[in-house]
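The values are calculated or read from the model by the stated rules, or taken from the named source; none is laboratory data. These numbers come from a predicted model, not from an experiment. With ideal geometry, Cβ positions are generated from the backbone for all residues, glycine too; neighbour counts draw on all protein chains shown.
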Amino acid sequence: MKPPRRLYPQVELPRIAKLEIQEQWLEWFFAIRSHARGLEIWHTMDPDQADQEDDRLKAPEIESYPTLKTRLVKEARQEDRSAPSEEAIITLYAALCRDAEIKLVSYQERTQKEQAMRQQIMSTVHPNIYEAAMTKLAKGRSLHTLRQLLRELQATLNIKSHVSGGLVSNAYEAVLEEARQGAINPEIWYSKWKKHLARAEDYNCAVVQGSPAIMEFLRAVGVHLNPRWADFKNMELIERERYGDMPTLSQVGAEFLNTVGNGRRWFTVVKKYETDPDDESDVVEAVTKARCPCKRKKHPWPPEQCSYLQYALSRTTTRPIKKLSGTECEAICQEIRKPHWAKLLRTLEDKGWSATF
(Lines give C-alpha, C1' and ligand atoms only; values in the text may rest on other atoms or scores of the structure.)
Protein backbone atom coordinates (compact mmCIF):
# COMPACT_ATOMS: atom_id res chain seq x y z
CA MET A 1 0.00 0.00 0.00
CA LYS A 2 1.08 3.59 -0.52
CA PRO A 3 1.82 5.88 2.45
CA PRO A 4 -0.58 8.76 3.17
CA ARG A 5 0.00 11.93 1.15
CA ARG A 6 1.21 15.06 2.93
CA LEU A 7 0.86 18.61 1.69
CA TYR A 8 3.94 20.85 1.43
CA PRO A 9 4.15 24.57 0.62
CA GLN A 10 4.29 25.27 -3.09
CA VAL A 11 7.74 26.16 -4.47
CA GLU A 12 7.80 29.60 -6.08
CA LEU A 13 10.56 30.55 -8.51
CA PRO A 14 11.64 34.03 -9.70
CA ARG A 15 10.50 35.08 -13.14
CA ILE A 16 12.87 34.58 -16.06
CA ALA A 17 13.07 35.75 -19.67
CA LYS A 18 10.95 34.11 -22.36
CA LEU A 19 12.23 31.53 -24.83
CA GLU A 20 10.73 32.41 -28.19
CA ILE A 21 13.63 32.14 -30.67
CA GLN A 22 16.91 30.24 -30.90
CA GLU A 23 19.01 33.29 -29.96
CA GLN A 24 17.29 33.40 -26.55
CA TRP A 25 18.20 29.82 -25.66
CA LEU A 26 21.42 30.57 -23.81
CA GLU A 27 20.04 33.07 -21.27
CA TRP A 28 16.88 31.01 -20.77
CA PHE A 29 18.80 27.76 -20.34
CA PHE A 30 21.20 29.17 -17.75
CA ALA A 31 18.32 30.75 -15.81
CA ILE A 32 16.59 27.35 -15.70
CA ARG A 33 19.85 25.70 -14.67
CA SER A 34 20.43 28.24 -11.92
CA HIS A 35 16.98 27.63 -10.42
CA ALA A 36 17.33 23.85 -10.71
CA ARG A 37 20.70 23.97 -8.99
CA GLY A 38 19.18 26.05 -6.22
CA LEU A 39 16.54 23.35 -5.77
CA GLU A 40 19.28 20.67 -5.93
CA ILE A 41 17.65 18.75 -8.80
CA TRP A 42 19.83 19.80 -11.76
CA HIS A 43 21.52 16.39 -11.76
CA THR A 44 18.16 14.96 -12.88
CA MET A 45 17.65 17.62 -15.59
CA ASP A 46 20.94 18.26 -17.40
CA PRO A 47 20.14 17.51 -21.08
CA ASP A 48 23.81 16.96 -21.91
CA GLN A 49 23.97 13.93 -19.60
CA ALA A 50 22.53 10.46 -20.22
CA ASP A 51 19.20 9.40 -18.73
CA GLN A 52 19.46 8.03 -15.19
CA GLU A 53 17.27 5.59 -13.31
CA ASP A 54 16.32 8.13 -10.65
CA ASP A 55 15.26 10.79 -13.21
CA ARG A 56 11.67 9.56 -12.91
CA LEU A 57 9.93 10.11 -9.59
CA LYS A 58 8.61 7.00 -7.86
CA ALA A 59 6.45 7.15 -4.77
CA PRO A 60 7.68 4.96 -1.90
CA GLU A 61 5.46 1.97 -1.11
CA ILE A 62 4.85 0.15 2.18
CA GLU A 63 4.09 -3.55 2.24
CA SER A 64 0.94 -4.21 4.26
CA TYR A 65 1.32 -6.08 7.55
CA PRO A 66 -0.61 -9.22 6.40
CA THR A 67 1.40 -9.36 3.17
CA LEU A 68 4.66 -8.94 5.06
CA LYS A 69 3.75 -11.67 7.57
CA THR A 70 2.72 -14.10 4.83
CA ARG A 71 5.96 -13.48 2.92
CA LEU A 72 8.18 -13.95 5.95
CA VAL A 73 6.47 -17.19 6.99
CA LYS A 74 6.70 -18.52 3.43
CA GLU A 75 10.40 -17.64 3.16
CA ALA A 76 11.12 -19.35 6.50
CA ARG A 77 9.33 -22.51 5.34
CA GLN A 78 11.26 -22.54 2.04
CA GLU A 79 14.57 -22.14 3.87
CA ASP A 80 13.64 -24.83 6.42
CA ARG A 81 13.85 -22.58 9.47
CA SER A 82 11.41 -21.52 12.15
CA ALA A 83 9.02 -18.70 11.33
CA PRO A 84 9.63 -15.32 12.99
CA SER A 85 7.56 -14.47 16.03
CA GLU A 86 4.65 -12.05 15.90
CA GLU A 87 6.66 -9.56 17.92
CA ALA A 88 9.59 -9.74 15.47
CA ILE A 89 7.28 -9.16 12.51
CA ILE A 90 5.67 -6.16 14.25
CA THR A 91 9.12 -4.67 14.98
CA LEU A 92 10.21 -5.14 11.36
CA TYR A 93 6.98 -3.62 10.06
CA ALA A 94 7.42 -0.55 12.29
CA ALA A 95 10.97 -0.08 10.97
CA LEU A 96 9.75 -0.36 7.37
CA CYS A 97 7.07 2.27 8.07
CA ARG A 98 9.64 4.69 9.50
CA ASP A 99 11.88 4.21 6.47
CA ALA A 100 8.93 4.81 4.13
CA GLU A 101 8.05 8.00 6.01
CA ILE A 102 11.56 9.35 5.46
CA LYS A 103 11.41 8.48 1.76
CA LEU A 104 7.95 10.02 1.52
CA VAL A 105 9.22 13.38 2.77
CA SER A 106 11.98 13.36 0.14
CA TYR A 107 9.55 12.26 -2.58
CA GLN A 108 6.99 14.97 -1.82
CA GLU A 109 9.63 17.70 -1.59
CA ARG A 110 11.06 16.71 -4.96
CA THR A 111 7.56 16.52 -6.43
CA GLN A 112 6.97 20.15 -5.47
CA LYS A 113 10.34 21.18 -6.94
CA GLU A 114 9.73 19.37 -10.23
CA GLN A 115 6.23 20.81 -10.52
CA ALA A 116 7.67 24.30 -10.04
CA MET A 117 10.27 23.71 -12.76
CA ARG A 118 7.69 22.29 -15.17
CA GLN A 119 5.44 25.28 -14.56
CA GLN A 120 8.31 27.70 -15.20
CA ILE A 121 9.28 25.94 -18.42
CA MET A 122 5.70 25.84 -19.68
CA SER A 123 5.06 29.51 -18.85
CA THR A 124 8.25 30.86 -20.43
CA VAL A 125 8.63 28.76 -23.59
CA HIS A 126 6.71 29.97 -26.66
CA PRO A 127 3.56 27.83 -27.11
CA ASN A 128 4.61 26.69 -30.59
CA ILE A 129 8.01 25.48 -29.37
CA TYR A 130 6.53 23.85 -26.28
CA GLU A 131 3.81 22.07 -28.25
CA ALA A 132 6.30 20.73 -30.80
CA ALA A 133 8.50 19.32 -28.03
CA MET A 134 5.58 17.81 -26.11
CA THR A 135 4.19 16.19 -29.26
CA LYS A 136 7.52 14.45 -29.86
CA LEU A 137 7.72 13.30 -26.24
CA ALA A 138 4.17 11.92 -26.27
CA LYS A 139 4.93 9.56 -29.17
CA GLY A 140 7.32 7.31 -27.30
CA ARG A 141 6.64 7.80 -23.61
CA SER A 142 3.58 7.94 -21.42
CA LEU A 143 5.56 9.95 -18.87
CA HIS A 144 8.65 12.02 -19.63
CA THR A 145 11.33 13.36 -17.31
CA LEU A 146 12.55 16.95 -17.03
CA ARG A 147 15.84 15.90 -18.61
CA GLN A 148 13.98 14.53 -21.64
CA LEU A 149 11.85 17.68 -21.85
CA LEU A 150 14.89 19.99 -21.93
CA ARG A 151 16.60 17.75 -24.45
CA GLU A 152 13.54 17.86 -26.73
CA LEU A 153 13.28 21.65 -26.44
CA GLN A 154 16.94 21.82 -27.42
CA ALA A 155 16.29 19.61 -30.43
CA THR A 156 13.22 21.63 -31.43
CA LEU A 157 15.37 24.76 -31.59
CA ASN A 158 18.08 22.78 -33.44
CA ILE A 159 20.69 23.34 -30.74
CA LYS A 160 23.25 20.57 -30.33
CA SER A 161 25.40 20.09 -27.23
CA HIS A 162 28.58 21.21 -29.00
CA VAL A 163 26.73 24.25 -30.35
CA SER A 164 25.92 25.33 -26.78
CA GLY A 165 29.64 25.51 -26.04
CA GLY A 166 30.13 27.70 -29.10
CA LEU A 167 27.32 30.00 -28.04
CA VAL A 168 28.87 30.32 -24.58
CA SER A 169 32.25 31.23 -26.11
CA ASN A 170 30.64 33.83 -28.36
CA ALA A 171 28.77 35.36 -25.44
CA TYR A 172 31.98 35.59 -23.39
CA GLU A 173 33.83 37.30 -26.25
CA ALA A 174 30.92 39.73 -26.64
CA VAL A 175 31.39 40.78 -23.00
CA LEU A 176 35.08 41.47 -23.65
CA GLU A 177 34.04 43.58 -26.63
CA GLU A 178 31.80 45.64 -24.32
CA ALA A 179 34.88 46.41 -22.24
CA ARG A 180 36.75 47.55 -25.35
CA GLN A 181 33.89 49.92 -26.19
CA GLY A 182 34.15 51.40 -22.70
CA ALA A 183 30.63 52.80 -22.30
CA ILE A 184 29.91 50.84 -19.12
CA ASN A 185 30.58 51.06 -15.39
CA PRO A 186 33.61 48.82 -14.65
CA GLU A 187 32.00 47.18 -11.62
CA ILE A 188 28.79 46.43 -13.49
CA TRP A 189 30.84 45.09 -16.38
CA TYR A 190 32.85 42.87 -14.03
CA SER A 191 29.74 41.20 -12.60
CA LYS A 192 28.57 40.42 -16.13
CA TRP A 193 32.02 39.15 -17.10
CA LYS A 194 32.15 36.93 -14.02
CA LYS A 195 28.83 35.34 -14.96
CA HIS A 196 29.97 34.54 -18.48
CA LEU A 197 33.36 33.34 -17.22
CA ALA A 198 31.65 30.76 -15.00
CA ARG A 199 29.56 29.56 -17.93
CA ALA A 200 32.57 29.28 -20.23
CA GLU A 201 34.53 27.38 -17.57
CA ASP A 202 31.62 24.96 -17.19
CA TYR A 203 31.87 24.17 -20.90
CA ASN A 204 35.71 24.10 -20.88
CA CYS A 205 35.76 26.78 -23.58
CA ALA A 206 39.20 27.59 -24.99
CA VAL A 207 38.52 31.33 -24.72
CA VAL A 208 38.97 31.19 -20.92
CA GLN A 209 41.91 28.81 -20.73
CA GLY A 210 45.59 29.52 -20.21
CA SER A 211 47.74 32.60 -20.67
CA PRO A 212 46.08 33.70 -23.95
CA ALA A 213 42.77 34.14 -22.11
CA ILE A 214 44.42 36.30 -19.44
CA MET A 215 46.20 38.47 -22.00
CA GLU A 216 42.96 38.90 -23.96
CA PHE A 217 41.22 40.01 -20.76
CA LEU A 218 43.96 42.58 -20.09
CA ARG A 219 43.76 43.88 -23.66
CA ALA A 220 40.00 44.30 -23.29
CA VAL A 221 40.05 46.20 -19.98
CA GLY A 222 43.14 48.11 -21.06
CA VAL A 223 41.37 50.05 -23.80
CA HIS A 224 39.10 52.15 -21.56
CA LEU A 225 38.28 50.59 -18.19
CA ASN A 226 41.75 50.58 -16.60
CA PRO A 227 44.60 51.19 -19.08
CA ARG A 228 47.45 51.83 -16.63
CA TRP A 229 46.75 48.79 -14.50
CA ALA A 230 46.34 46.60 -17.59
CA ASP A 231 49.69 47.78 -19.01
CA PHE A 232 51.50 47.06 -15.76
CA LYS A 233 49.77 43.72 -15.24
CA ASN A 234 50.65 42.64 -18.76
CA MET A 235 54.35 43.34 -18.16
CA GLU A 236 54.24 41.61 -14.78
CA LEU A 237 52.61 38.47 -16.18
CA ILE A 238 55.07 38.21 -19.06
CA GLU A 239 57.80 38.07 -16.44
CA ARG A 240 55.90 35.62 -14.21
CA GLU A 241 55.14 33.32 -17.13
CA ARG A 242 58.85 32.76 -17.64
CA TYR A 243 58.98 31.20 -14.17
CA GLY A 244 55.72 29.26 -14.45
CA ASP A 245 54.04 31.46 -11.86
CA MET A 246 50.87 32.49 -13.69
CA PRO A 247 47.68 33.34 -11.76
CA THR A 248 44.29 32.15 -12.93
CA LEU A 249 42.00 34.26 -15.09
CA SER A 250 39.58 34.52 -12.18
CA GLN A 251 42.35 35.85 -9.90
CA VAL A 252 43.36 38.49 -12.45
CA GLY A 253 39.70 39.49 -12.78
CA ALA A 254 39.37 39.86 -9.01
CA GLU A 255 42.45 42.08 -8.94
CA PHE A 256 40.94 44.22 -11.68
CA LEU A 257 37.79 44.66 -9.57
CA ASN A 258 39.89 45.74 -6.58
CA THR A 259 41.50 48.48 -8.65
CA VAL A 260 38.20 50.00 -9.76
CA GLY A 261 36.11 49.43 -6.62
CA ASN A 262 35.13 52.14 -4.16
CA GLY A 263 35.97 54.95 -6.59
CA ARG A 264 39.72 54.22 -6.43
CA ARG A 265 42.03 54.90 -9.36
CA TRP A 266 45.21 52.90 -9.94
CA PHE A 267 48.38 54.85 -10.63
CA THR A 268 51.65 52.93 -10.23
CA VAL A 269 53.30 49.62 -9.57
CA VAL A 270 53.41 50.50 -5.87
CA LYS A 271 49.60 50.39 -6.06
CA LYS A 272 49.03 53.93 -4.85
CA TYR A 273 45.35 54.83 -4.90
CA GLU A 274 43.60 58.17 -4.96
CA THR A 275 40.26 58.31 -3.17
CA ASP A 276 39.80 62.09 -3.19
CA PRO A 277 39.62 63.45 -6.76
CA ASP A 278 40.49 66.94 -5.48
CA ASP A 279 43.67 65.82 -3.71
CA GLU A 280 46.51 65.70 -6.25
CA SER A 281 49.35 65.10 -3.77
CA ASP A 282 49.13 61.33 -4.08
CA VAL A 283 49.10 61.57 -7.84
CA VAL A 284 52.27 63.66 -7.91
CA GLU A 285 54.02 61.28 -5.53
CA ALA A 286 52.95 58.27 -7.59
CA VAL A 287 54.17 59.77 -10.84
CA THR A 288 57.51 60.62 -9.22
CA LYS A 289 57.97 57.04 -8.07
CA ALA A 290 57.31 55.79 -11.60
CA ARG A 291 60.25 57.75 -13.17
CA CYS A 292 62.64 55.82 -15.38
CA PRO A 293 65.84 56.71 -17.27
CA CYS A 294 64.07 55.87 -20.54
CA LYS A 295 61.95 59.03 -19.98
CA ARG A 296 58.92 57.52 -21.70
CA LYS A 297 55.45 58.80 -20.74
CA LYS A 298 52.72 56.64 -19.17
CA HIS A 299 55.24 54.27 -17.70
CA PRO A 300 53.33 52.12 -15.13
CA TRP A 301 56.07 49.52 -14.48
CA PRO A 302 59.27 50.03 -12.45
CA PRO A 303 62.62 50.73 -14.19
CA GLU A 304 63.81 47.21 -13.29
CA GLN A 305 61.18 45.85 -15.72
CA CYS A 306 61.66 48.41 -18.50
CA SER A 307 62.51 46.71 -21.80
CA TYR A 308 63.59 50.01 -23.37
CA LEU A 309 66.12 50.51 -20.60
CA GLN A 310 67.32 46.91 -20.98
CA TYR A 311 67.80 47.36 -24.72
CA ALA A 312 69.66 50.65 -24.34
CA LEU A 313 72.11 49.10 -21.87
CA SER A 314 72.67 45.68 -23.42
CA ARG A 315 71.30 45.98 -26.99
CA THR A 316 69.00 43.04 -26.33
CA THR A 317 65.65 42.52 -24.67
CA THR A 318 63.51 39.62 -23.47
CA ARG A 319 60.31 41.25 -24.72
CA PRO A 320 59.28 42.44 -28.18
CA ILE A 321 59.58 46.25 -28.45
CA LYS A 322 60.06 48.84 -31.13
CA LYS A 323 63.86 48.96 -31.49
CA LEU A 324 65.53 52.16 -30.33
CA SER A 325 67.91 54.14 -32.52
CA GLY A 326 71.54 54.60 -31.55
CA THR A 327 70.82 58.19 -30.55
CA GLU A 328 67.96 57.13 -28.28
CA CYS A 329 70.12 54.46 -26.65
CA GLU A 330 72.91 56.98 -26.04
CA ALA A 331 70.45 59.42 -24.44
CA ILE A 332 69.23 56.74 -22.02
CA CYS A 333 72.81 55.73 -21.18
CA GLN A 334 73.71 59.36 -20.47
CA GLU A 335 70.67 59.69 -18.22
CA ILE A 336 71.50 56.61 -16.14
CA ARG A 337 75.04 57.93 -15.55
CA LYS A 338 73.57 60.64 -13.34
CA PRO A 339 74.22 60.19 -9.59
CA HIS A 340 70.60 59.73 -8.53
CA TRP A 341 70.39 56.59 -10.71
CA ALA A 342 73.52 54.99 -9.21
CA LYS A 343 71.61 52.48 -7.08
CA LEU A 344 69.38 51.50 -10.01
CA LEU A 345 72.40 51.03 -12.27
CA ARG A 346 74.01 48.65 -9.78
CA THR A 347 70.76 46.68 -9.59
CA LEU A 348 70.53 46.39 -13.37
CA GLU A 349 74.15 45.31 -13.67
CA ASP A 350 73.45 42.59 -11.08
CA LYS A 351 70.62 41.43 -13.35
CA GLY A 352 73.07 41.10 -16.23
CA TRP A 353 72.06 44.26 -18.07
CA SER A 354 75.65 45.14 -18.92
CA ALA A 355 76.09 48.76 -19.91
CA THR A 356 77.56 49.39 -23.36
CA PHE A 357 79.16 52.70 -22.40
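Can D231 be described as over 29 Å from D48 (Cβ atoms) and in contact (Cβ under 8 Å) with a residue 24 or more places away in the chain? Taking the combined requirement at face value, the residue satisfies it. Restricting attention to the range 145-182, the residues being among the aliphatic types (A, V, I, L, M) and under 30 Å from T111 (Cα atoms) number 7.
Contact annotation: residue pairs with Cβ atoms under 9 Å, 6 or more positions apart or on different chains, pairing a residue in the range 112-138 that is within 15 Å of W28 (Cβ to Cβ) with a partner that is in a helix (DSSP H, G or I) and small (G, A, S), are M117/A36; Q120/A31; T124/A31; V125/A133; A133/A155. Under the condition of being without any contact (Cβ under 8 Å) to a residue 24 or more places away in the chain and either in a loop (DSSP other than H, G, I, E, B) or in contact with a Leu (Cβ under 7 Å, 6 or more places away or on another chain) (or both), the residues counted in the range 210-224 number 1. Applying the set (1) within 48 Å of the chain's Cα centre (by Cα); (2) of a type outside the set (A, V, I, L, M); (3) surrounded by 14 or more Cβ atoms within 10 Å (Cβ to Cβ); (4) outside any helix (DSSP H, G or I) to Q108 leaves exactly one unmet item: (4). One residue stands out in the range 322-332 among those that are under 27 Å from R242 (Cα atoms) and surrounded by 12 or more Cβ atoms within 10 Å (Cβ to Cβ): the one that is modelled with the lowest pLDDT, namely L324. Within the range 64-97, the only residue that satisfies the criterion of being touching a residue at least 24 places away in the same chain (Cβ under 8 Å) and either loosely packed, with under 11 Cβ neighbours inside 10 Å or outside any helix (DSSP H, G or I) (or both) is S64. Does V168 fit the bill of being touching a residue at least 40 places away in the same chain (Cβ under 8 Å), in contact with a helix residue (DSSP H, G or I) (Cβ under 7 Å, 6 or more places away or on another chain) and surrounded by 15 or more Cβ atoms within 10 Å (Cβ to Cβ)? Judged against the criteria, V168 is a match.
Does A31 fit the bill of being part of a helix (DSSP H, G or I), small (G, A, S) and closer than 27 Å to L150 by Cβ? Considered against the rule, which asks whether it is part of a helix (DSSP H, G or I), small (G, A, S) and closer than 27 Å to L150 by Cβ, A31 comes out as yes.
Whenever a residue of the range 179-195 is at pLDDT 90 or above, its partners that are not in a helix (DSSP H, G or I) and not acidic (D, E), lying with C-beta atoms within less than 6 angstrom and at least six residues away or across chains, give the pairs A179/L225; R180/V223; P186/L225.
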